[in-house]
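Have a look at the structure below, then the notes.
The values are calculated or read from the model by the stated rules, or taken from the named source; none is laboratory data. For clarity, every value in this text was computed on a predicted model and none was experimentally measured. Please note: Cβ atoms are built from the backbone with ideal geometry, for glycine as well, and neighbour counts cover all protein chains shown.
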Amino acid sequence: MSSGPSRVARPWRTSKPRRGPIAPEPLLAAARAWVDGGARTSFDWLSLSASARERLLATAERERLVALLHAVTRRQPISRDVSDRLRSAWVLAERQHLLGVAQLGRLHSAFDRRGIPMIPLKGPALGEALYGDPGVRPFTDLDLLVHRADVERAVALLSTLGYRHIAWDRTLDYELAHATAACFVPRDTGPADLSVDLHWGLVSFPAGVTPRTIDAEEVWTRAVETERGDTRVLELCREDLLLYLGLHLAVHHPFVGHVWRLDIALLLCRHARDLDWASIVARAQRWRVRGALYFALRVVEEDLAIAAPAGALAELRPRGLRGDALERLARHRDPMARFEHLVDLLLLDAGGDLLRAIATSAAPTPGFVRGRYGTPSALRAYLAHYRRIGAIGLRAAQAIAGRH
């Protein structure tokens, strides 16, 4: 349920997505054809050379979008060996979806019995909501949002269900204090078991500097109940879903990952006339994430040629040099993600958040680095931290030098 227009953001003539120019990359062309159902964009497998087809298949496998390629080409006269290869990937993707739905149903029942409300994020629920053929939407884990006050009970429940926390070099205490999510894997992992990302916030900015103005509790007041399979579940309303997906793309996948762009493009296409853009802009301004949402929407427009209304983009775009930089980076292809840490800083709307990010990176507290790098030794933690900061700075300098 969307809130009405506010003084901050006014309604525009239309919220119908605009479409930009066609990109040359074959997988992006296939994705565009999938998004608009072939209405404006077509994808012709036969027009590709043999080497281009192999590169496309390799890229689709890397992006986990072979099932999408099957969906786009299933009515085209492709060779039997390629057809079998694509169909096999699609069958496996459909199986993965069904297994994910079953595991999500078991988790939902367990949380419901304990009186812990939860909202599934991304994964099989998003596949069913947006993709038409839900198996096309790949996922490797299940994302569950709970109230911040329920985190300890949810962690205890996951432990009872046979899950354990895993974070490579981060402790659970660190994540509870500085992050907005933690990952849990089954202790006895089978081939059908998925890890669970437990969320109590919508996004985690690097170095624990997520803007405090992002109110995850607020989205619960607008959550909608719907039926997925045989289960009644809560889901984010469409406006909050767009904000969540945009933040996730901007913070975690600014330069790589077609699926995150597909999620937003499909939401824009499927619900072009339903989205309340005035509320979206007002919420982004209140949460101080206008820059992040602007960047995400522009990336989707550049990659998949699906755009938000021009009026909304104009109100979301930061003024001055910061807006210019985000615009250039949204148009920039950076498969090595060398500029991602620069993007992290540019996404922060509030000057106080930017100063906090710089201070945390330059002079973090001993407790922060011990938790962040998973060691009781402050010396080792600081050495690891400054090695990482140095590597980030070197990559950024090399990237900037390489552009001139």
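Can you tell me which residues in the stretch 194-244 are of a type in the set (Ser, Thr, Tyr), surrounded by fewer than 17 Cβ atoms within 10 Å (Cβ to Cβ) and under 18 Å from Val289 (Cα atoms)?
Thr213
Restricting to the stretch 122-146, and then to whatever is of a type in the set (A, V, I, L, M) and touching a Lys or Arg at 6+ places or on another chain (Cβ under 7 Å), can you tell me which residue is farthest from Thr231 (Cα to Cα)?
Going residue by residue through the stretch 122-146, those that are of a type in the set (A, V, I, L, M) are 125-126, 129-130, 136, 142, 144-146.
Those left that are additionally touching a Lys or Arg at 6+ places or on another chain (Cβ under 7 Å): 125-126, 130.
Numbers: Ala125: 11, Leu126: 15, Leu130: 18 Å.
Top of the filtered list is Leu130.
Within the stretch 29-84, track down each residue that is closer than 21 Å to Ala265 by Cα, among the basic types (Lys, Arg) and part of a helix (DSSP H, G or I).
Of everything in the stretch 29-84, those that are closer than 21 Å to Ala265 by Cα, among the basic types (Lys, Arg) and part of a helix (DSSP H, G or I) turn out to be Arg32, Arg62.
In the stretch 250-278, what residues are in a loop (DSSP other than H, G, I, E, B), more than 10 Å from the chain's Cα centre (by Cα) and closer than 16 Å to Phe295 by Cα?
Our first condition is that a residue be in a loop (DSSP other than H, G, I, E, B); within the stretch 250-278, this holds for 253-257, 271-276.
Now narrow it down to the ones that are more than 10 Å from the chain's Cα centre (by Cα): 255-256, 271-276.
Phe255, Val256 - these are the residues of the stretch 250-278 that are in a loop (DSSP other than H, G, I, E, B), more than 10 Å from the chain's Cα centre (by Cα) and closer than 16 Å to Phe295 by Cα.
In the stretch 299-310, what residues are within 16 Å of Asp324 (Cβ to Cβ) and in contact with a Leu (Cβ under 7 Å, 6 or more places away or on another chain)? Walk me through it before giving the result.
Filtering the stretch 299-310 down to residues within 16 Å of Asp324 (Cβ to Cβ) leaves 299, 302.
The one that is within 16 Å of Asp324 (Cβ to Cβ) and in contact with a Leu (Cβ under 7 Å, 6 or more places away or on another chain): Val299.
Tell me, which residue of the stretch 120-168 that is buried (at least 19 other Cβ atoms within 10 Å of the Cβ) and hydroxyl-bearing (Ser, Thr, Tyr) is farthest from Glu217 (Cα to Cα)?
Tyr131
Looking at the stretch 71-91, can you tell me whether even one residue there is of a type outside the set (Phe, Trp, Tyr), touching a Gly at 6+ places or on another chain (Cβ under 9 Å) and modelled with pLDDT of 95 or more? Write out each step before concluding.
Restricting attention to the stretch 71-91, the residues satisfying the condition of being of a type outside the set (Phe, Trp, Tyr) are 71-89, 91.
Checking which are touching a Gly at 6+ places or on another chain (Cβ under 9 Å) leaves us with 71-72, 91.
Adding the requirement that they be modelled with pLDDT of 95 or more leaves 91.
Checking the stretch 71-91: at least one residue is of a type outside the set (Phe, Trp, Tyr), touching a Gly at 6+ places or on another chain (Cβ under 9 Å) and modelled with pLDDT of 95 or more.
Out of the stretch 30-54, which residues are under 28 Å from Ala307 (Cβ atoms) and surrounded by fewer than 16 Cβ atoms within 10 Å (Cβ to Cβ)?
Those that are under 28 Å from Ala307 (Cβ atoms) and surrounded by fewer than 16 Cβ atoms within 10 Å (Cβ to Cβ): Gly37, Gly38, Ala39, Arg40, Ser42, Asp44, Ser47, Leu48, Ala52.
Tally the residues that are free of Cβ contacts under 8 Å to residues at least 40 places away in the same chain, under 16 Å from Gly201 (Cβ atoms) and in contact with a Lys or Arg (Cβ under 8 Å, 6 or more places away or on another chain), restricting the search to the stretch 147-178.
Going through the stretch 147-178 one residue at a time, the tally reaches 0.
Quick one: in the stretch 305-315, which of the residues that are of a type in the set (A, V, I, L, M, F, W, C) and within 23 Å of Arg32 (Cβ to Cβ) is surrounded by the fewest Cβ atoms within 10 Å (Cβ to Cβ)? Spell out how you get there, then give the answer.
From the stretch 305-315, those of a type in the set (A, V, I, L, M, F, W, C) are 305-308, 310, 312-314; that's our starting set.
Add one more test, that the residue is within 23 Å of Arg32 (Cβ to Cβ), and what stays is 305-308, 310, 312-313.
Details: Ala305: 23, Ile306: 24, Ala307: 20, Ala308: 28, Ala310: 12, Ala312: 23, Leu313: 18.
Result: Ala310.
Just the residues that are under 26 Å from Gly367 (Cα atoms) and part of a loop (DSSP other than H, G, I, E, B), please, taken from the stretch 147-176.
Taking the stretch 147-176 and keeping what is under 26 Å from Gly367 (Cα atoms), we get 147-156, 159, 164-176.
If the condition is that a residue be under 26 Å from Gly367 (Cα atoms) and part of a loop (DSSP other than H, G, I, E, B), then His147, Ile166, Ala167, Trp168, Asp169, Arg170, Thr171 are the ones that fit.
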